[in-house]
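Structure first, commentary second.
The values are calculated or read from the model by the stated rules, or taken from the named source; none is laboratory data. As the structure is a computational prediction, the values presented were derived from the model and not from experiment. All Cβ positions, even for glycine, are placed from backbone atoms using ideal geometry, and neighbour counts span all protein chains on display. All accessible areas refer to the heavy atoms of the entire protein, side chains included, with ligands and DNA or RNA removed. Shrake-Rupley method; radii C 1.70, N 1.55, O 1.52, S 1.80 Å.
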Amino acid sequence: MALSLQLRDVQIERGGRSLFSPITATIGAGTLVYVRGANGAGKTSLLRALAGLAASSAGEIRWGVSGETASASVATSFVGHANAMNDALTVLENLSYAAALAGQAYQPVRIGHALDQLGVFKLALRRVGTLSQGQRKRAALARLLLRETPGSRAWLLDEPFVALDVDTQKLLEQLIANELRAGAIVLLSSHQSFSIASPQLTEIAL
Amino acid sequence: MARTEQQSNDRFQGRWFWRYASPAAFYPVAGRIEKIGWFLAITLAIIGLYIGFFRAPTDAQQGEVYRVIYIHVPAAWMAMIIYLAMAFWSATGLVLGTRLSFMMSHALAPTGAIMAVIALWTGALWGRPTWGTYWVWDARLTSTLILFFLYVGYMALAASFDDKKKGDRASALIALVGAVNVPIIYFSVNWWNTLHQGSSVRPGSSSMASIMLTAMLIMTFAFWAYCVAAAMHRLRTQIIERESGAQWVKELVK
Amino acid sequence: MTLKQKRLALILGGLILLAGATTLVLTALKDNLAFFFTPSQIKANEAPINRTFRIGGMVETGSVKRDGVNVSFKVTDTAQVVNVTYTGILPDLFREGKGVVAQGKLDTNGVFRAKEVLAKHDENYMPPEAASAVEKANKAREGATKTLKY
Amino acid sequence: MSLRLAASAVFRREFQLFARRKSDWANPLMFFVIVCSLFPFAVGSETERLRGIGVGVIFVGALLAALLTLPRLFDEDARDGSLDLLLNSNEPLAMLVLARVAALSIGIGAPLILATPLFSLLYALPSDVALVLALAVALAVPTLLLVGAIAAALLVTARGGAILTAVLVLPLTIPTLIFGAGAASKVLYGESPFAELSLQAAYLLFALALSPLAASAALKISTD
Amino acid sequence: MIWESWSAFWAMGGRGFFVWGSYGALLIAILAELIVLRGARKKALESVDEFPR
């Protein structure tokens, strides 16, 4: 289940002009990629394009799973600024919806375990509308841990440390490190400083 | 997902038509077409109106009021044809990803809407003396009205996006949805109310006096030429707007 | 199922839906298509009493009587005749011997009280619907064995 | 089968939301009730006049009520980010959109359909008309929502969404309006509504075949 | 010439209002479109000027 990512002359346009000069990169399993850039440099756009949520204006993005080309929807999990959770539903309902769309049958145990790892197991049956920003973020991050086996999906994290307290940031750094060790690719953008132990480290500067 | 222009460009490399699919290359061509269009529109309109008003006799049924036909029917035809052309360029744009196709579609819409308005207005003024009412909810008037709504929707949608590219593709999609629905709407409105005169012009057997028909066909070509010219003018304006950063546009302004 | 099979299934499903739609349209078209009643139908008591509907046919020659704004005339499909009364200004194309469509109600005496009179003209100087009504009435007179269904 | 899994999850989620937020289906119903109650004040309460306008008023009222719910399809999801989950699913987006529209049709449509016979009585329409009118509304609401899904998907991120949605959608619902109201009127005048109803059903099938595809393409355009 | 006089031409057999109302509306619509077209072109060219050369 080795993940790989190839970028060839990837460009993204917004409002008729290119956001950054073409990116070419080959990223292998177990790599942490730090997407760096000023405000408006196109970090979010790039991550969304990598997640298959937007089209690149030129070039090619190719995800590989075990050497074969795979669609972004199979190869990645994306957590952006928004939490992708409906306020009226409970954390458990939101997460099982996400899991079902990702092609997994209802597995409350796995969801419970994911929530437990982020320390929000007790919130499973609370409605998202009643949670604090930090709790929501943690619950949203639990979506990353719903993958089939550790390391089977690339994580695309847009500003994951926003709204997290110091302890939770440490926890997330630990989770990312574990995932990388299991063979995942993690791409993240952040304005906060962080420290993640990683076998390989690359930077994409926009 | 629509292909980007560059990708399609690779695919069509070397084909002659591709050269003109770029706005910069088409700009001078559009200018030439526009000039021919204005010339034809004015010439044909003069000839058509001369025949229509000074050569064609009074209609036995309707008296002089029938002379509205020389603008009413061409306007109604153009309103429909322009919508089809719009849908065609929209589809081309979505499939090939060419910017010019979307611009063509945008350039056509306002003229098409104006044609629909003219058809409705002249239809109302014609209807009062002949049918006894300005407006009847009959099949053709109603479907022209709906066609006008479709134009309005298209233009409103195109205008509501700040991102031009997004607006292009969104409005192209709605133009296609509209084009698919137009026959159905037409059929349903027909079903609902069939009270209108049968079409007087049919290929092969026409029941109109040939001189009236001649005048009307000449006027139709005049309208056609006018619409092409107006659309080309608008297209050129759009090219200038959208390519205002490009060097060749700057040189054009100098 | 692979992606390709899924896509194929989707297209197939769409085509089945479209085929269903076509079938429904065709069955609907076989159903009653009459947009107005002909004098023959009215005489055969097929038209409702005291309800707005349309009557179509030809204005019988010599039947138009004017009394100020009140007009009465007869509408015929050559087989049967219905008396029509109307108050108001008639349109230009209203002529004796020409096609007409009137909207209104039938009173208990069998007189059609028109609220609206619409003249029609086309290449045949008769609305196609009225023309076909005339034609049907002619056929009905010719062959009594033929049963006609509107 | 993972398509069934995903589609049923989308479907179930809509009903979870309907259960949590009653206003989602109660507000359109209230709108419908109030619109239908207003007309007699405007045109007078003679039985014959009410009967004349009843079918049209009820039908248009139901369509407008359904139209009001269109922003619910994608707007909230786009704000809170759950739309990304839908877009990022490996299953065909058209089918997921269809599942969502189906759930909305049932959740919004059922109350409207149930209220229709009631209002038919208030407008002095006979019971057979009431029944056919309810059937026509049942065919029209899903059609409007299917066509509307395209506009709603296009306008997820655009300015002035709600009004523009109406401008785009209403002309396209004219066929179902004509046939649906026509069917009820036919029954009122003692004729068979079969032709009109089958044409209405045909338009629904047509929309069912094409609009999920168009709506999913629209979603991809507007969220790109 | 089928018209007896210019006044007969303008009267259009008593239907002058409808005929000339139609043609007048067409003329106004076309003039309005042309004015808008010219205005849009002028604005587009001016906006190009604003870009630094």
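Of note:
- For segment B:123-162, the fraction of alpha-carbon pairs in successive 10 Å shells from zero, as %: 28, 34, 22, 13, 2
- Accessible surface ranking for A:Arg153, D:Arg20, 1.4 angstrom probe, highest first: D:Arg20, A:Arg153.
- Across segment A:1-123, Cα-Cα pairs farther apart than 24 Å form 41% of the total.
- Projecting label points 7 angstrom from Cα along Cα→Cβ for A:Arg17 and A:Ser132 puts them 4.2 nm apart.
- With all pairs of separate Cα atoms included, the protein assembly as shown yields a Kirkwood hydrodynamic radius of 31.3 Å.
- Within segment A:95-199, the proportion of Cα pairs with more than 22 Å between them is 28 percent.
- Rounded to the nearest 0.05, the FRET efficiency derived from the C-beta distance between E:Ala11 and B:Ile42 at R0 = 41 Å is 0.90.
- Reciprocal of mean inverse Cα separation for segment D:79-170 (Kirkwood radius, Å): 15.2
- Eligible aspartates and glutamates near B:Lys164 by straight Cα distance, threshold 19 Å, same-chain separation 8 or greater: A:Glu13, B:Glu5, B:Glu241, B:Glu243, D:Asp224
- Computed from the C-beta positions of A:Phe121 and C:Leu18 and an R0 of 51 Å, the FRET efficiency is 0.55 to the nearest 0.05.
- Modelled spin labels at D:Lys22 and C:Glu116, positioned 7 Å past Cα toward Cβ, are 4.5 nm from each other.
- Placing R0 at 56 angstrom, the Cβ-Cβ distance between D:Ile34 and E:Ala29 gives a FRET efficiency of 0.85 after rounding to 0.05.
- Placing one equal scatterer on every Cα of segment A:61-118 and applying the Debye formula, the log10 ratio I(q)/I(0) at q = 0.24 Å⁻¹ is -1.07.
- In degrees, nearest ten, helix D:127-154 long axis to first principal axis of chain D (Cα): 30
- The simple spin-label model puts a point 7 Å past each Cα toward its Cβ; for C:Asn70 and D:Glu76 those points are separated by 6.5 nm.
- C-alpha long axis of helix A:108-117 to longest principal axis of chain A, angle in °: 80
- Each Cα pair of segment D:2-223 feeds into the Kirkwood radius, which the Stokes-Einstein equation turns, at 4 °C and 1.567 mPa s, into a diffusion coefficient of 72 µm²/s.
- Protein-only accessible surface order, largest first, of A:His191, B:His72 at 1.4 Å: A:His191, B:His72
- The alpha-carbon atoms of segment A:18-61, seen along their principal axes, cover 29, 22, 19 angstrom, with the largest extent given first.
- Bridging of C:Lys4 to aspartates and glutamates at a Cα separation below 20 Å is possible for A:Glu68, D:Glu91, once same-chain residues fewer than 8 apart are set aside.
- Here the Kirkwood formula, the inverse mean of 1/r across different C-alpha pairs, assigns chain E a hydrodynamic radius of 14.3 Å.
- With 20 Å as the limit, the listed pairs C:Lys74/C:Lys105; A:Lys122/D:Lys22; A:Lys137/D:Lys22; C:Lys65/C:Lys115; B:Lys165/B:Lys250 have A:Lys122/D:Lys22; A:Lys137/D:Lys22; B:Lys165/B:Lys250 beyond it between alpha carbons.
- Pairwise Cα distances in segment D:16-96 exceed 17 Å for 62 percent of all pairs.
- Note on chain A: Rg/Rh from C-alpha atoms, Kirkwood Rh, equals 0.95.
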